[in-house]
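What follows is calculated from the coordinates using simple rules that are stated; it is not laboratory data. Because the structure is a prediction, the values reported are computed rather than measured. A quick note on method: Cβ atoms are made from the backbone with ideal geometry, for glycine too, and the neighbour counts reach across all protein chains shown.
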Amino acid sequence: MELVLSKSKLRPWNDNDAFSLAKHANNKKIADNMRDGFPFPYTIDDAQRWLNMAMKETRHVLLAIEVNGEAAGGIGIIFKENVYRLSAEIGYWLGETHWRKGIMSEAIAGLSDYAFAKTEIVRLQAEIFSPNIASMKTILKAGFHLEAINKKAVFKNGGLLDQHVYARIKE
Ligand SMILES: CC(C)(COP(=O)(O)OP(=O)(O)OC[C@H]1O[C@@H](n2cnc3c(N)ncnc32)[C@H](O)[C@@H]1OP(=O)(O)O)[C@@H](O)C(=O)NCCC(=O)NCCS
């Protein structure tokens, strides 16, 4: 799938993305707000590993955020299973050179609209670590609302953090 928005294009990852992916992802300010597995430093090998996985993925939606002709970030929807199978989780990051231009709030809103229109899911949620005010404001702007704060749910970089759960429900 491909989604052409006004500030970016959301499209599948490809082999040519390794350099731009490593360039934009190699940032502690990004890694600190992501789950473990998003490394810092972020090397070309890490990028290649991600691309190999993402290009094979068939169940979930893992897309590059293309800005100015290069992959400058990532956004994905992970579909849940069993009784949660009409729910999905959304995750995202963007290279720092492109922050505060409205790119991610547009991307989240656009991908959410797409998911509600084209899949069976009725609920999308994002799980945001307590210090990440930027992500909370961004997801609010994309039409999500705060549902819960799970106290001390996250153990990241050797410390406990609260997890803020934001959701958008299909209308
Ligand atoms: C969070 C993140 C995705 C935001 O992307 P972005 O494209 O810069 O977001 P937007 O430009 O759409 O911002 C939307 C609103 O969020 C708020 N916001 C975004 N970044 C902010 C920042 N660094 N500080 C304060 N407010 C911020 C602003 O209110 C902004 O609206 P405004 O510019 O009209 O005032 C980006 O900062 C990022 O990749 N951070 C590191 C990784 C991460 O946190 N991923 C999410 C994990 S849950």
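For this structure, a couple of remarks:
- Think of each Lys and Arg Cβ as +1 and each Asp and Glu Cβ as -1; about the Cα centre, that makes the dipole of region 84-139 roughly 80 debye.
- For region 31-73, trypsin sites (Lys or Arg not before Pro) are listed when DSSP marks them as loop and at most 11 other Cβ atoms sit within 10 Å of their Cβ; the list is Arg35, Arg59.
- Region 83-158: trypsin sites (Lys or Arg not before Pro) in DSSP coil with no more than 15 other Cβ atoms inside 10 Å: Arg85, Arg100, Lys101
- With 30 Å as the limit on Cα-Cα distance, the pairs of Lys80/Lys156; Lys28/Lys170; Lys118/Lys152; Lys23/Lys151; Lys23/Lys101; Lys7/Lys29 that go past it are Lys28/Lys170; Lys118/Lys152; Lys23/Lys151.
- Dividing the C-alpha radius of gyration of region 69-123 by 2.2 N^0.38 Å, with N its residue count, gives 1.29.
- Loop-resident chymotrypsin sites (Phe, Trp or Tyr not before Pro) (DSSP state other than H, G, I, E or B) in region 74-157 with no more than 15 further Cβ atoms inside 10 Å of their Cβ: Trp99.
- Rg over Rh for the chain works out to 0.94, both radii taken from alpha-carbon positions and Rh defined as the Kirkwood radius.
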